[in-house]
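The values are calculated or read from the model by the stated rules, or taken from the named source; none is laboratory data. Treat the numbers as computed from the prediction; the structure is a model and nothing was measured. Virtual Cβ from ideal backbone geometry, glycine too; neighbours counted across all protein chains shown.
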Ligand code: ATP
Ligand code: MG
């Protein structure tokens with residue numbers, strides 16, 4: 001439907017990532033709005049590798065729970081632009097900052113949508129590897145979609161553990177730091193479940209679970225807490241179903257963690273069945 005970048009008009013910047021800028025744009029003729037992620041040709045190789053990874057994955061995914069790609073543009077100068085559906089409520093991170101904490105009913109709805117997205121990705125042998133509130137987009141209909149595939153991995157043969165230091169360290173699972181201790185039958189998919197558990201708990205608590213409210217993350221302390229500490233658990237006030245769901249996600253040993261399909265029938269999410 002959109003065949004030329006020149007048909008788009010930039011309205012505003014909606015996000016800055018490492019290396020790229022995301023704009024809200026409007027198609028001049030149809031007036032439809034989109035998000036456009038632009039990476040410049042002179043960016044360093046890591047940034048370029050990430051945008052190519054993202055192009056590859058977005059061009060082969062087709063799910064209501066994964067952000068839709070409407071086109072990929074490459075300019076002679078080497079600039080790359082990915083045209084995506086525009087998610088008009090921002091991310092789960094911006095929602096948490098503006099609305100505070102989430103109640104369990106909305107978390108069940110959010111959890112079910114992210115699980116549906118992960119179910120689609122894992123079935124297509126894609127490990128996201130950077131699930132966190134700022135990579136989960138939301139619209140006014142409270143639809144939640146997985147975005148930002150810059151560090152994702154398409155699994156082919158066995159996992160290459162040397163290549164696993166990617167993503168946002170804070171949400172990385174214990175076996176990503178220490179596969180010998182926590183990674184029996186390490187397959188990569190379970191790492192997304194850990195990050196999902198941390199994300200949901202963060203939305204419940206209103207702050208990153210491994211740190212007290214307001215404290216800035218310090219990489220070494222955080223890594224020690226993830227590898228040597230107890231996994232964070234939900235506070236007393238939470239329901240039994242929610243506490244159990246979080247516990248199933250935040251097992252330190254990756255083989256004990258529940259899979260996407262097991263979690264989809266967990267009572268916490270299966271009681272929420274509105275849109276599928
Ligand atoms: P980061 O390094 O911060 O993860 P990134 O370069 O990987 O960023 P994205 O996470 O894809 O880029 O996008 C950066 C931000 O732009 C998002 O956190 C979000 O606020 C906004 N954004 C991205 N895509 C969309 C979209 N389709 N609709 C609305 N906002 C979007
Ligand atoms: Mg991001």
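Filtered by the rule that a residue be farther than 26 Å from residue 138 by Cβ and at pLDDT below 95, region 8-53 gives 40, 41, 42, 43, 44, 45, 46, 48, 49, 52. Within region 109-128, none of the residues are over 28 Å from residue 82 (Cα atoms), within 16 Å of ligand 2 (Cβ to nearest atom) and either under 12 Å from the mean Cα position of the chain (by Cα) or at pLDDT 95 or above (or both). Of the residues making up region 232-247, those that are within 21 Å of the chain's Cα centre (by Cα) and touching a residue at least 40 places away in the same chain (Cβ under 8 Å) are 242, 245, 246. Here residue 70 meets the list (1) at pLDDT 95 or above; (2) farther than 24 Å from residue 8 by Cβ almost entirely, failing just condition (2).
Would you tally the residues in region 116-158 being free of Cβ contacts under 8 Å to residues at least 12 places away in the same chain and away from ligand 1 (no atom under 14 Å from the Cβ)? Count: 3.
Going by what's in this entry, would residue 146 be described as out of contact with any strand residue (DSSP E or B) (no Cβ under 7 Å at 6 or more places or on another chain), modelled with pLDDT of 95 or more, closer than 21 Å to residue 249 by Cα and within 12 Å of ligand 2 (Cβ to nearest atom)?
Values: out of contact with any strand residue (DSSP E or B) (no Cβ under 7 Å at 6 or more places or on another chain): no; modelled with pLDDT of 95 or more: yes; closer than 21 Å to residue 249 by Cα: yes; within 12 Å of ligand 2 (Cβ to nearest atom): yes.
No; evaluated as a whole, the condition is false for this residue.
Residue 162 satisfies every condition listed in (1) surrounded by fewer than 19 Cβ atoms within 10 Å (Cβ to Cβ); (2) part of a helix (DSSP H, G or I); (3) at pLDDT 95 or above except (3). Listed conditions (1) surrounded by 16 or more Cβ atoms within 10 Å (Cβ to Cβ); (2) within 12 Å of residue 150 (Cβ to Cβ); (3) more than 12 Å from ligand 1 (Cβ to nearest atom) are all met by residue 50, apart from (3).
From the list 90, 19, which one is in contact with a helix residue (DSSP H, G or I) (Cβ under 8 Å, 6 or more places away or on another chain) and within 16 Å of ligand 2 (Cβ to nearest atom)?
19
The residues of region 93-108 that are closer than 24 Å to residue 271 by Cα and within 16 Å of ligand 2 (Cβ to nearest atom), listed by number, are 95, 96.
Scanning region 259-276 for residues that are surrounded by fewer than 19 Cβ atoms within 10 Å (Cβ to Cβ) and modelled with pLDDT of 95 or more turns up 259, 261, 262, 264, 265, 267. If you check 196, 201 for being over 21 Å from residue 126 (Cβ atoms), modelled with pLDDT of 95 or more and surrounded by 24 or more Cβ atoms within 10 Å (Cβ to Cβ), only one passes: 201.
Mind checking which residues of region 129-143 are over 16 Å from residue 94 (Cβ atoms) and away from ligand 2 (no atom under 16 Å from the Cβ)? Break it down into steps so the answer makes sense when it comes.
Just the residues of region 129-143 that are over 16 Å from residue 94 (Cβ atoms), to begin with: 129-131, 141.
141, the sole residue that qualifies.
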